Amino acid sequence: MSESRQAYIPDAPPRQPLPLLQLILVGLQHVLLMYGGAIAVPLIIGQAAGLSREEVAFLINADLLVAGVATMVQSFGIGAVGIRMPVMMGASFAAVGSMVAMAGMPGVGLQGIFGATIAAGFFGMLIAPFMSKVVRFFPPLVTGTVITSIGLSLFPVAVNWAGGGANAETFGSPIYLVVAALVLLTILLVNRFMRGFWVNVSVLIGMGLGYILAGSIGMVDLSGLDQAPWLQVVTPLHFGMPTFSLAPILSMCLVVVIIFVESTGMFLALGKVTDREVTPGMLRRGLLCDAGASFVAGFFNTFTHSSFAQNIGLVQMTGVRCRYVTVVAGAFLILLSLLPKAAFLIASIPPAVLGGASIAMFGMVTATGIKILQEADIADRRNQLLVAVSVGMGLIPVVRPEFFAQMPQWMEPITHSGIAMATVSALVLNLLFNILGGAERASHNAASHSH
């Protein structure tokens, strides 16, 4: 079967706008799914920088604002920026290790992190046109392997949430498992017995019932809600003027390259799910939005941004491919950045509720990767080896995060990211086996047929 043939996702609804109510509800699902990841990065960096609770809250609001604007631009498109597909944007985890180290460096701190983010975003805008040309190195064999690895690398997050959260004192308690199971079962039953609108919002229904159950048994913590202000406007340069130091800038520029590699795989995955070919021009616009968001983020007190892999599973599961859904989701994020009380309520969703929904959605990402691999010549031994080694490399940071602890710190954005490890491995092995070794294999096949 041809490696260049595009995947086809059957029975997917058209990319036409939905009725307003469905747009709002499906958009809300996207926000609920990515919210935990969106606020995790500012929480981690704020704590590493020794900020007060109020300052950390401001960091979170700043991140929500930039994520919302970036999501709307990426989805709707403005001129030469934005891939115009249903993409959610948020602060990238790829830079967390580097930024935590910077937060403790004398003379760097938050201002140095913001300065490095601005410089790296500008660097990303310069190289985006060149990075977009790598799409030809992502045939179905590589794309399917990367998407499968994305799903597998996300799955531990879902399991930790379903067990009550990685830091839960009674992790794996039956009550957490019951809540997660109820959410998952509700999603499955809605998809089995309902049609149309109800299937589109099945995740929201499951999470809503899970939240009600969790609240009735005291799992929802609303302490601090009274102290949260009703309205707060994010102002640029809140923590002072950014500073620029060479070492942090170089580190963040490497992070941007890794983000581009990850985003390329995610955009191609989304293209497969939405039955749309991602051209180099579209990829360039998408990467420019990633880089532009990071550039602006540094001025608005937040960090490098990228597309969120979690939401690809939601697109596949609901079958809603309309980009206006994530435009609405971006508007929700902007609204939450202005209304801290509303943001607080969403942040109160217990991890077990998120876990039940994520098991289905992250698993759908893996299933999409496996489906795309069917388009490759997977019967070929070398291709099987490529998939095996690349998936294995992608699982190393997931199974043992400290596996590369003795490697240089500048390599952390690669060695601590399962997606980056799998992508680099698949690209290199495809180059070795199918591009550089293409002539050799052709002559070998010809000789075999002659016999």
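The values are calculated or read from the model by the stated rules, or taken from the named source; none is laboratory data. Note that the coordinates shown come from a computational prediction; the quantities given were computed from them, not determined experimentally. Methodologically, a virtual Cβ is constructed for each residue, glycine included, from the backbone with ideal geometry; neighbour enumeration extends over all protein chains shown.
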Only one of SER263, SER202 is under 25 Å from SER92 (Cα atoms) and of a type in the set (Gly, Ala, Ser), namely SER263
Of the residues in segment 169-225, those that are polar (S, T, N, Q) and either closer than 16 Å to MET317 by Cβ or within 26 Å of the chain's Cα centre (by Cα) (or both) number 4
Taking segment 248-284 and keeping residues among the basic types (Lys, Arg) and in contact with a Ser or Thr (Cβ under 8 Å, 6 or more places away or on another chain) leaves LYS272, ARG284
Considering only helices (runs of 4 or more DSSP H) wholly within segment 264-381, the ones with at least 3 residues that are surrounded by 24 or more Cβ atoms within 10 Å (Cβ to Cβ) are 280-299, 310-318, 324-338, 351-373
Subset of segment 49-89, residues crowded, with 23+ Cβ neighbours inside 10 Å and part of a loop (DSSP other than H, G, I, E, B), comes to GLY82, ILE83, MET85, PRO86, VAL87, MET88
Residue count, segment 394-436, condition among the hydroxyl-bearing types (Ser, Thr, Tyr), assigned to a helix (DSSP H, G or I), under 21 Å from THR143 (Cβ atoms) and touching a Phe, Trp or Tyr at 6+ places or on another chain (Cβ under 8 Å), comes to 0
Considering residues that are modelled with pLDDT of 70 or more and part of a loop (DSSP other than H, G, I, E, B), the number found within segment 3-48 is 2
The condition of being under 26 Å from the mean Cα position of the chain (by Cα), in a helix (DSSP H, G or I) and buried (at least 23 other Cβ atoms within 10 Å of the Cβ) holds, among ILE259, ILE249, only for ILE259
